[in-house]
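Right, one structure below, let's go through it.
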Amino acid sequence: MVQVVELGHGSGGRLTGALTKRILSRFASGDGFQMEDCAFIDGRTAITIDGFTVSPNDFPGGDIGKLAVCGSTNDLAVRGVRPRFLTMSVVLEEGLPFSDLDRWMESAASVCRQLDVALVAGDTKVVPRGAVDAIFISTCAVGDRVSRHILGAANLRVGDAIMISSAPGLHGAALAAARFGLKTDLLSDCAPLWPSLSPIVELPGLRCMRDCTRGGLGTALCEWAEASGLGIELDEEAVPWDERAGAVCDILGFDPLYLASEGCAVIAVEPTQARECLAGLRSAGLSPSEIGRATSEHPSMVGMRTRIGGLRFVDMPSGEILPRIC
């Protein structure tokens, strides 16, 4: 039987990891990739690339233009890197109204202005009607490290405090509600993270950060646990769940732990600096919460202390959750 790519390969869980490793195995340096959100060229300059095929292209709280710039610059921000430059490639479907294109490009440009990021190169292609869904966008972002050291999961130590910058899963829940026609005032949290994270990036005890995109909070923590070899314990009651997102999940059968965010970061910091880290995030207008810790127990695994007191083990999703969320 011929093996083929499935939608689940794009959901951010186990299948996505397998697909990524399959591609990287063809390159001589494939074993050297750290599987972080961006790569450092020389210890100071960082680069990342991303593609965006979200459906629908306009969603509550944003659109594909805003998402493209936020998504790529956020991958820099969570590694302590100030975004500076952007390149963009757009693939357009024949018949696309210019009014739609103009709106999406203005959304992208607005985020660039907010971050003082310069668009320095780009490319456009037009394909026959039906070959893409209106527009696909690819972006490459480059920036300079501001953090005192390179942030990454390898820095995690036993006892480190785990915190989250805001409620998780809002992007995925808002998209799900829009697709299935649910009436709600829930908006995607799509937003640039650099303004929110910049107050804490120079903390000497900052270990690592990750934006909770495909696969959500659960997948981000599993990736940290597996990369560091440590266990992570999550306190379900400490997570600032959004009631509206929870209602959408209850109706549609999703787990908010695995729904994507596009303006939410999970952060690990030395426990003695947890209070200072929380204060820095609050100074940027966020409502962060300390939600767990790194532990020597259950190495390479994530456990969640549930509301009733038990320990639920959290694993990465292995199949399709909600396709085309970014």
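The values are calculated or read from the model by the stated rules, or taken from the named source; none is laboratory data. Note that the coordinates shown come from a computational prediction; the quantities given were computed from them, not determined experimentally. Cβ atoms come from the backbone with ideal geometry, glycine included; neighbour counts cover every protein chain shown.
As a summary of the residue check, Glu243 satisfies the conditions (1) of a type in the set (D, E, K, R); (2) closer than 19 Å to Leu187 by Cβ; (3) surrounded by 14 or more Cβ atoms within 10 Å (Cβ to Cβ) except for the one numbered (3).
If you go through region 107-123 one residue at a time, do you hit one that is buried (at least 16 other Cβ atoms within 10 Å of the Cβ) and touching an Asp or Glu at 6+ places or on another chain (Cβ under 8 Å)? Yes, region 107-123 contains a residue that is buried (at least 16 other Cβ atoms within 10 Å of the Cβ) and touching an Asp or Glu at 6+ places or on another chain (Cβ under 8 Å). Against the condition modelled with pLDDT of 95 or more, surrounded by 17 or more Cβ atoms within 10 Å (Cβ to Cβ), closer than 21 Å to Arg214 by Cα and touching an Asp or Glu at 6+ places or on another chain (Cβ under 9 Å), how does Thr73 come out, does it pass? No; evaluated as a whole, the condition is false for this residue. The residue that is modelled with the highest pLDDT, counting only those in region 37-57 that are out of contact with any strand residue (DSSP E or B) (no Cβ under 7 Å at 6 or more places or on another chain) and surrounded by 15 or more Cβ atoms within 10 Å (Cβ to Cβ), is Val54. Contact map, region 88-102: residues that are without any contact (Cβ under 8 Å) to a residue 40 or more places away in the chain and over 20 Å from Leu119 (Cα atoms) paired with residues that are of a type in the set (Val, Ile, Thr) and part of a strand (DSSP E or B), Cβ distance under 9 Å, separation 6+ or inter-chain. Pairs shown: Glu94/Val126; Glu94/Val127; Leu96/Val126; Leu96/Ile135.
Matching residues to (1) aromatic (Phe, Trp, Tyr); (2) outside the structural domain of Ala46 (by TED's automatic domain parsing); (3) under 18 Å from Asp58 (Cβ atoms):
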{"site": "Ile135", "(1), (2), (3)": "no, no, yes"}
{"site": "Ser188", "(1), (2), (3)": "no, yes, yes"}
{"site": "Leu197", "(1), (2), (3)": "no, yes, no"}
{"site": "Cys222", "(1), (2), (3)": "no, yes, no"}
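Checked against the criterion of being modelled with pLDDT of 95 or more, in contact with a Gly (Cβ under 7 Å, 6 or more places away or on another chain) and not aliphatic (A, V, I, L, M), the candidates Cys264, Cys277, Cys208 yield just one match: Cys208. Has region 23-30 got at least one residue that is surrounded by 13 or more Cβ atoms within 10 Å (Cβ to Cβ), under 22 Å from Leu170 (Cβ atoms) and under 21 Å from the mean Cα position of the chain (by Cα)? No, that holds for no residue.
Total residues in region 85-104 satisfying the condition of being touching a Ser or Thr at 6+ places or on another chain (Cβ under 9 Å) and either of a type in the set (Lys, Arg) or over 21 Å from Val126 (Cβ atoms) (or both): the figure is 1. Filtering Ala167, Ala173 for residues that are closer than 27 Å to Pro199 by Cβ, assigned by TED's automatic domain parsing to the domain that holds Arg214 and at pLDDT 95 or above leaves a single hit, Ala167. Reported count of residues in region 134-182, each being out of contact with any strand residue (DSSP E or B) (no Cβ under 9 Å at 6 or more places or on another chain), crowded, with 22+ Cβ neighbours inside 10 Å and of a type outside the set (Gly, Ala, Ser), is 1. Candidates in region 292-320 are the residues that are of a type in the set (S, T, N, Q) and part of a loop (DSSP other than H, G, I, E, B); of these, the one that is farthest from the chain's Cα centre (by Cα) is Ser296.
Among strands (runs of 3 or more DSSP E) entirely within region 100-190, having at least 3 residues that are over 30 Å from Gly292 (Cα atoms) singles out 118-127, 135-145.
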